[in-house]
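Data first, discussion second: the structure below is written as structure tokens.
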Amino acid sequence: MEIKEKIASKALQMIDEGMVVGLGGGSTVALLAKKIAQSGLQNISVFTLSDQTRSVCQEIGLDMIGIETVSQLDVSFDGCDSIDYELRALKTLGGIQTQEKITAALSKRYIILTTVDKFKERLLFDLPICCEVLPDAMIVFKQFMLSRKLTGKLRRHNHEIEITQYGNYLIDLNWHSDEAPEIILECLNQQIGVVSHSLFIDQVNDVLVGDDETVKHYSR
């Protein structure tokens, strides 16, 4: 069985009948959605703010609920680009960290599904931190970058500035620094105009880590 298939199967074991389940983005989460549909579990409601995952769920006929009906999710599953032993994660590539943090905030347990190559002793910033920034705050954000001697790139799609569903810009911020993730978190959280960023420090409760042999479960 392929690694991501094993991880999705392990995640399915954490879902009980009658649960409201949150799903983030990524290929492993899509596999989990298909396993939920095939499992025979009754009265499962699925919530997602990922357009890609929503398309998969609608295609396979899962019972979808909208944000207007959600008060709490029993459990949510998501992927990551990197996560360390303290369950601090970086979720940069998708650029939907605002939606993912909304899902995490609504969840009793927020669980990351990942492969062993992304599970590190210490969170490394070899990938940029994706920041969702208000358009009117771009000049302030550029001043912030200059003051911290940081570089960043405005994310584009087909040569056009990429706009989030909330009407904001995405900046991939290169943070080449030995500062602790908690210090970086505080700095970004205090910056005017930053709606969200892809650094997840306190949100993750569990991680399922898969390799060729097995899937291991780590909790806070």
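Every read-out reported here was derived from the displayed coordinates using simple, explicitly stated rules and does not represent laboratory data. Remember, predicted model here, so these are calculated numbers, not experimental data. Cβ placement follows ideal geometry from the backbone for every residue including glycine, while neighbour counts extend to all protein chains displayed.
Explain nothing, just the number: relative contact order of the range 58-173, from Cα pairs under 8 Å at least 6 residues apart, as a whole percent. Show your work: numbers first, answer last.
Details: 144 pairs, mean separation 28.2, N = 116.
Worked out over the range 58-173, it gives 24 percent.
Among Asp126, Asp206, Asp84, which one shows the biggest mean-square fluctuation in a GNM of the chain, springs joining Cα atoms closer than 10 Å?
Result for the chain, Cα springs under 10 Å: Asp126 fluctuates most.
Quickly work out the Gln165-to-Asn189 label distance, labels modelled 7 Å from Cα along the C-beta direction, and quote it in nm with one decimal.
2.5
By a straight-distance test (C-alpha under 17 Å), which lysines pair with Lys91 as possible cross-link partners, with residues fewer than eight away in the same chain excluded?
Lys101, Lys118, Lys120, Lys153
Counting alpha carbon pairs within less than 8 Å and at least 6 residues apart, what relative contact order, in whole percent, applies to the range 23-107?
Working: 94 pairs, mean separation 28.8, N = 85.
Contact order relative to length: 34 percent.
Mind checking which of Thr115, Ile184, Val75 is farthest towards the positive end of the chain's charge dipole, using Cβ charges of +1 (Lys, Arg) and -1 (Asp, Glu) about the Cα centre?
Checked the options; the winner is Ile184.
How big is the dipole moment of the range 37-111 about its Cα centre under a simple scheme where the beta carbon of each Lys and Arg is +1, that of each Asp and Glu is -1, and everything else is neutral? Debye, nearest 20, please.
140
Please list, or write none, the lysines whose alpha carbon is within less than 19 Å of the alpha carbon of Lys108, excluding same-chain residues fewer than 8 places away.
Straight-line reach from Lys108, under 19 Å: Lys10.
With loop defined by DSSP as not H, G, I, E or B, and exposure as at most 16 other Cβ atoms within 10 Å, which is the longest segment of the chain clear of exposed GluC sites (Glu not before Pro)? Before the final figure, lay out each step's value.
Details: sites that count: Glu2, Glu17, Glu86, Glu121, Glu162, Glu179, Glu213.
Free of exposed loop sites, the longest segment is 18-85.
Hey, got a sec? Which chymotrypsin sites (Phe, Trp or Tyr not before Pro) in the range 15-115 land in a DSSP loop and have at most 13 other Cβ atoms within 10 Å? Kindly include the intermediate steps, with their values, before the conclusion.
Details: sites: Phe47, Phe77, Tyr85, Tyr110; in loops: Tyr85.
Sites meeting the loop and neighbour criteria: Tyr85.
When the dipole is taken about the Cα centre of the range 122-178, and only Lys, Arg (+1) and Asp, Glu (-1) are charged at their Cβ, what size is it in debye, to the nearest 20? Intermediate results must be reported in sequence, preceding the final value.
Values: 7 positive and 7 negative charges, 41 e Å.
The dipole of the range 122-178 has a size of about 200 debye.
Looking at the chain as a GNM with Cα springs under 10 Å, which of Asp136, Asp63, Asp172 has the largest mean-square fluctuation?
Top of the fluctuation ranking is Asp136.
Using only alpha carbon pairs under 8 Å that are at least six residues apart, calculate the relative contact order of the chain and give it in whole percent.
On the way: 434 pairs, mean separation 50.7, N = 220.
Averaging sequence separation for qualifying contacts and normalising by length gives 23 percent for the chain.
What do you get for trypsin sites (Lys or Arg not before Pro) in the range 103-204 restricted to DSSP loop and a cutoff of at most 15 other Cβ within 10 Å of the site's Cβ?
Values: sites: Lys108, Arg109, Lys118, Lys120, Arg122, Lys142, Arg148, Lys149, Lys153, Arg155, Arg156; in loops: Lys108, Arg109, Arg122, Lys149, Arg155.
Here the sparse-neighbourhood loop sites are Lys108, Arg122, Lys149.
Determine the distance separating the Cα centre of the range 73-125 from the Cα centre of the range 133-147; give it in Å without decimals.
26
Loop only by DSSP, 12 or fewer other Cβ within 10 Å of the Cβ. Give me the chymotrypsin sites (Phe, Trp or Tyr not before Pro) in the range 120-220 that pass, ordered by residue number.
Those satisfying the criteria are Tyr166.
Between Asp16 and Asp117, how high is the FRET efficiency from 1/(1 + (r/R0)^6) when r is the Cβ-Cβ distance and R₀ = 30 Å? Nearest 0.05.
Values: r = 31 Å, r/R0 = 1.02.
Calculated value: 0.45.
Rounded to the nearest 20 Debye, what is the dipole magnitude of the range 20-179 about its Cα centre when Lys and Arg each give +1 and Asp and Glu each give -1 at the C-beta?
Numbers: 17 positive and 20 negative charges, 29 e Å.
About 140 debye.
Before rounding to the nearest 500, sum -39500 (n - 2.57) across all DSSP H runs of length at least 4 in the chain and divide by the residue total; then give [θ] at 222 nm in deg cm²/dmol. Provide the component values of the computation, followed by the final result.
Details: 6 runs with 63 residues, N = 220.
Using -39500 (n - 2.57) per qualifying helix, the result is -8500 deg cm²/dmol.
So if each residue of separation counts as 0.36 nm, and I subtract the Cα-Cα distance between Gln58 and Glu2, what length gain in nm does that give? Don't jump to the answer; show the numbers that get you there.
Details: separation 56, 0.36 × 56 = 20.16 nm, distance 2.44 nm.
Gain in length upon complete extension: 17.7 nm.
Name the shape class, rounded, prolate or oblate, that the alpha-carbon gyration tensor gives for the range 1-67, where a ≥ b ≥ c are the square roots of its eigenvalues, rounded holds for a/c under 1.5, and otherwise prolate holds if a/b is larger than b/c and oblate otherwise.
Numbers: a/c = 1.75, a/b = 1.17, b/c = 1.50.
Verdict is oblate for the range 1-67.
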